[in-house]
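Structure record follows, encoded as structure tokens.
Read-outs: derived from the displayed coordinates by stated rules, not from any lab. On a predicted model such as this, the values are computed, not experimentally measured, just so you know. Counting neighbours? That spans all protein chains shown, and the Cβs are built from the backbone with ideal geometry, glycine included.
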Amino acid sequence: MKIHSRAIKVAALILTSVFTCSATAAGFPDKPLRMVVPFAPGGPTDIVGRAIAQRLTETFGQSMVVDNRAGAGGVVGADMVAKAAPDGYTTLLCSTGAMAINPGLMDKLPYDSVKDFAGISLVVTIPYLLLVSPSSPVKTVKELIAEAKSKPGSMNYGSAGTGSTSHLAGELFKTMAGIDMVHIPYKGSAPASIDLISGRLQTMFNAVAIAMPFVKGGKMRAIGISTQARSPLVPEVPTISESGVPGFEVLTWHGICAPSKTPKPVLKTLNSAIVQAVQHPQTRQHLGSIGADVVGSTQEEFEKFIKSELAKWSKIIKASGATAY
């Protein structure tokens, strides 16, 4: 009799939970939403977030406010969302650094990028260009590798800072190409770019959006791109993978995440709206102008992608010995 009574109670709880989730999804959203962008306004990350927020505002008929919470390489904003109410009204513009790189760099990260978040959709990926000074005799990736092998440890490469994607891209390139180059970290990509242009640096990786004006202006030479297939933005630039380093790929990516335990019907509603938003012709054009490749994925695809990126970058960080301090 007790077992029967308990079974009835459990069934009632399950039905109540299902009803609540369905009701939540059916009425969602019925108030303004917030997208936390864990970086300062004006940069590529902020541009992506605002483009998506604008479309979701139109889709839902509710304002989606972009809340810039910069600090500690994305940690401040990510931690805020990890601890937010799991109701779908607070989301995170999650990215490579916060979700895949920081866990390997920081010993005491206040969140778990897998357990504390529910991936909603991958939004865009942004490739990197391998660059040299226009005065450099190096014209191809193969020539760069040959030069580095002929003079082990004599070549240098710059980055936006220790632990940055541009740094770790260089470490991955060194490992896969079997070469030795000296890493020179800068406080941002701008000073590194200045030294590359002047010839004080021999090579560096930089995001397409940042590097393209220099390449088009003849101040830098792009000898390779970090995607598996050539980019329509620079179709004349061969991939690093086809240029002697098979399988090489480095992408900065941005997606939308929510706190874990957000109801699945709510996540499904958000996913559908986000995929629709990134496929909007004006959004595609706008994001394409900053060198972004528009994606739009299922929840399952994105969560699997995050795990694969976490494993990839953790391995590279460990091999390089990079830390956040």
Built amide H within the under 5 Å cut-off of T239, gap 5+: I225
Positive-pole candidate from A258, Y157, H280, dipole of the chain, charges at beta carbon: A258
Linear extension gain, K149 paired with A40, 0.36 nm per residue minus alpha-carbon span: 35.2 nm
Over region 136-208: Rg over Rh, Cα atoms, Kirkwood Rh: 0.93
Residues whose placed amide H lies under 5 Å from that of V123, excluding near-sequence neighbours: H254, G255, I256, G296
Spin-label model distance (nm) - Q228 vs Q279, 7 Å beyond Cα toward Cβ: 2.1
Label-to-label distance, nm, for residues given as K108 and D30 (7 Å Cα→Cβ offset): 4.3
P(r) of region 87-194 over all Cα-Cα pairs, binned every 5 Å from zero, in whole percent: 2, 10, 17, 19, 17, 12, 9, 7, 5, 2, 1, 0
Estimated dipole of the chain in Debye, rounded to 20 [Cβ of Lys and Arg +1, of Asp and Glu -1, Cα centre]: 420
Computed over region 35-155, the ratio Rg/Rh where both radii use C-alpha atoms and Rh is Kirkwood: 1.14
Karplus 3J(HN,Hα) series, Hz, for region 142-153 with 6.51 cos²θ - 1.76 cosθ + 1.60 (x for Gly, Pro): 4, 5, 5, 5, 4, 5, 5, 6, 6, 9, x, x
Globularity ratio of the chain, using Cα Rg and 2.2 N^0.38 Å: 1.11
Violating pairs (Cα-Cα greater than 27 angstrom) within the set K108/K307; K142/K315; K149/K216: K149/K216
